[in-house]
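Visitor: Supplied in C-alpha cells, the structure appears directly below.
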Amino acid sequence: MSDATKDALESALAAHMADEADGPVMLTGYILQACGQGMNEDGKWATIYTGLEDMSMIVAQGLLAYVNENVNRLSFGEWDD
C-alpha cells in the first residue's frame, strides 16, 4: 500500500470514528482484510492483510475477536446459554 493510500485510509477511518463518537478520536488500531479477484505476479490468488504500523498485537487480537463475535451473531443469531 502506498503511503498516500495508507494516509487517506487512516484519515477516513479516524473521521468516521469521530462522527460516530460525536467528537475527536485517536485511531489506535485497525485491521483490513480484502480478497480480490486478481492474480499476483506468480499467478496465485492473494489475501491482503495490513494494519496500523507498530500496532500492539493485543489490540489486533481484540479487534479480531470483536469482528468474529459480530460476524457470528449476524450469521447465526444470538447464542443460547
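The values are calculated or read from the model by the stated rules, or taken from the named source; none is laboratory data. Because the structure is a prediction, the values reported are computed rather than measured. Cβ: placed from backbone, ideal geometry, glycine included. Neighbour counts: every protein chain shown. The accessibility values were calculated without ligands, DNA or RNA, using every heavy atom of the protein model including side chains. Shrake-Rupley method; radii C 1.70, N 1.55, O 1.52, S 1.80 Å.
Visitor: Answer with one residue from Met55, Ser11, Met1: the one whose Cα lies farthest towards the positive end of the charge dipole of the chain, charges on Cβ with Lys, Arg +1 and Asp, Glu -1.
Guide: Ranked along the dipole, the leading option is Met1.
Visitor: Which longest run of the chain has no exposed loop site in it, a site being GluC sites (Glu not before Pro) in a DSSP loop with at most 16 other beta carbons within 10 Å, and the site itself not part of the run? Before the final figure, lay out the partial values.
Guide: Values: sites that count: Glu41, Glu53, Glu78.
Maximal segment without exposed cleavage sites: 1-40.
Visitor: Let me ask something additional. Given the rule -39500 (n - 2.57) for each run of at least 4 DSSP H residues, summed and divided by the residues of the chain, what is its mean residue ellipticity at 222 nm, to the nearest 500 deg cm²/dmol? Before the final figure, lay out the partial values.
Guide: Working: 2 runs with 39 residues, N = 81.
Taken over the chain, the calculation gives -16500 deg cm²/dmol.
Visitor: A follow-up question, please. For a quick check of your reading of the filter: which trypsin sites (Lys or Arg not before Pro) in the chain sit in a DSSP loop and have no more than 13 other Cβ atoms within 10 Å? Could the numbers behind the result be given before it?
Guide: Numbers: sites: Lys6, Lys44, Arg73; in loops: Lys44.
Listed in order of number, the matching sites are Lys44.
Visitor: What is the range 1-56 by shape, rounded, prolate or oblate, if you read a ≥ b ≥ c off the alpha carbon gyration tensor as root eigenvalues and call it rounded for a/c under 1.5, prolate for a/b larger than b/c, and oblate otherwise? If you can, show how the numbers build up before the last one.
Guide: Numbers: a/c = 2.74, a/b = 2.48, b/c = 1.11.
Here the range 1-56 falls in the prolate category.
Visitor: Give the accessible surface of the chain per residue, rounded to a whole number of Å², with probe radius 1.4 Å and ligands, DNA and RNA excluded. Intermediate values should be presented prior to the final figure.
Guide: Details: 6740 Å² over 81 residues.
On a per-residue basis, the chain sits at 83 Å².
Visitor: A further question follows. If Ile31, Ile58 are ordered by their accessible area, calculated over protein heavy atoms with a 1.4 Å probe, which sequence runs from highest to lowest? Before the final figure, lay out each step's value.
Guide: Numbers: Ile31 50, Ile58 135 Å².
Sorted by accessible area, descending: Ile58, Ile31.
Visitor: Same structure, new question: For Cα pairs less than 8 Å apart in space and 6+ apart in sequence, what is the mean separation divided by the residue count of the chain, i.e. the relative contact order in percent? Write down the numbers at each step before the final one.
Guide: Values: 52 pairs, mean separation 16.8, N = 81.
About 21 percent, as a whole number.
Visitor: Counting only protein heavy atoms and a 1.4 Å probe, tell me what percentage of the chain's accessible area is made up of carbon and sulfur. Intermediate values should be presented prior to the final figure.
Guide: Working: 3740 of 6740 Å².
After summing per-atom areas, the C and S share lands at 55 percent.
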